[in-house]
1. Among the listed residues 8, 22, which satisfies the condition of being closer than 24 Å to residue 81 by Cβ, surrounded by 14 or more Cβ atoms within 10 Å (Cβ to Cβ), in contact with a helix residue (DSSP H, G or I) (Cβ under 8 Å, 6 or more places away or on another chain) and at pLDDT below 90?
2. If you take the residues of the stretch 57-94 that are farther than 22 Å from residue 27 by Cα and surrounded by 10 or more Cβ atoms within 10 Å (Cβ to Cβ), which of them is modelled with the lowest pLDDT?
3. Being over 17 Å from the mean Cα position of the chain (by Cα) and either in a loop (DSSP other than H, G, I, E, B) or within 16 Å of residue 45 (Cα to Cα) (or both) is the filter here; which residues of the stretch 62-85 pass it?
4. Of all residues in the stretch 15-39, how many are within 20 Å of residue 71 (Cα to Cα) and in contact with a strand residue (DSSP E or B) (Cβ under 8 Å, 6 or more places away or on another chain)?
5. Quick check on residue 54: is it at pLDDT below 90, at positive phi and not in a helix (DSSP H, G or I)?
6. With respect to residue 51, is the statement that it is without any contact (Cβ under 8 Å) to a residue 40 or more places away in the chain, surrounded by 10 or more Cβ atoms within 10 Å (Cβ to Cβ) and over 24 Å from residue 2 (Cα atoms) true?
7. May I ask you to list the residues in the stretch 1-31 that are in contact (Cβ under 8 Å) with a residue 12 or more places away in the chain and outside any loop (DSSP other than H, G, I, E, B)?
8. Please determine, by comparing only the residues of the stretch 32-50 that are in a loop (DSSP other than H, G, I, E, B) and touching a helix residue (DSSP H, G or I) at 6+ places or on another chain (Cβ under 9 Å), which one is nearest to residue 75 (Cα to Cα).
């Protein structure tokens, strides 16, 4: 049996509707991909960015000007930190990753 896993990297992943970790189609596609892998028992690890401010609410005023309002959410209320840690080198910088 092979003990390797697939690493799936995406800039955004729709994990749950109430989590502002995606803004549109790419995030939904990424979420569907990792859910399908889980359903099929494909050994996959998904890696994405997690913004504490999330995305923003966009409003257009009567003149057509856009204003933004941050989506504040408390990560710790939704996700449980896990002990897994690793790091990768990206453009000569060490980037730390945690679960």
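The values are calculated or read from the model by the stated rules, or taken from the named source; none is laboratory data. Source: prediction; values computed, not measured. When we count neighbours, we look across all protein chains shown, and the Cβ atoms used for this are built from the backbone with ideal geometry, even at glycine.
1. On inspection, the qualifying residue turns out to be 22.
2. That would be 88.
3. Those that are over 17 Å from the mean Cα position of the chain (by Cα) and either in a loop (DSSP other than H, G, I, E, B) or within 16 Å of residue 45 (Cα to Cα) (or both): 62, 63, 64, 65, 83.
4. Going through the stretch 15-39 one residue at a time, the tally reaches 0.
5. For residue 54, the condition - at pLDDT below 90, at positive phi and not in a helix (DSSP H, G or I) - is met.
6. Spelling it out, residue 51 is indeed without any contact (Cβ under 8 Å) to a residue 40 or more places away in the chain, surrounded by 10 or more Cβ atoms within 10 Å (Cβ to Cβ) and over 24 Å from residue 2 (Cα atoms).
7. Of everything in the stretch 1-31, those that are in contact (Cβ under 8 Å) with a residue 12 or more places away in the chain and outside any loop (DSSP other than H, G, I, E, B) turn out to be 6, 7, 8, 9, 26, 27, 28, 30, 31.
8. Among them, the one singled out is 50.
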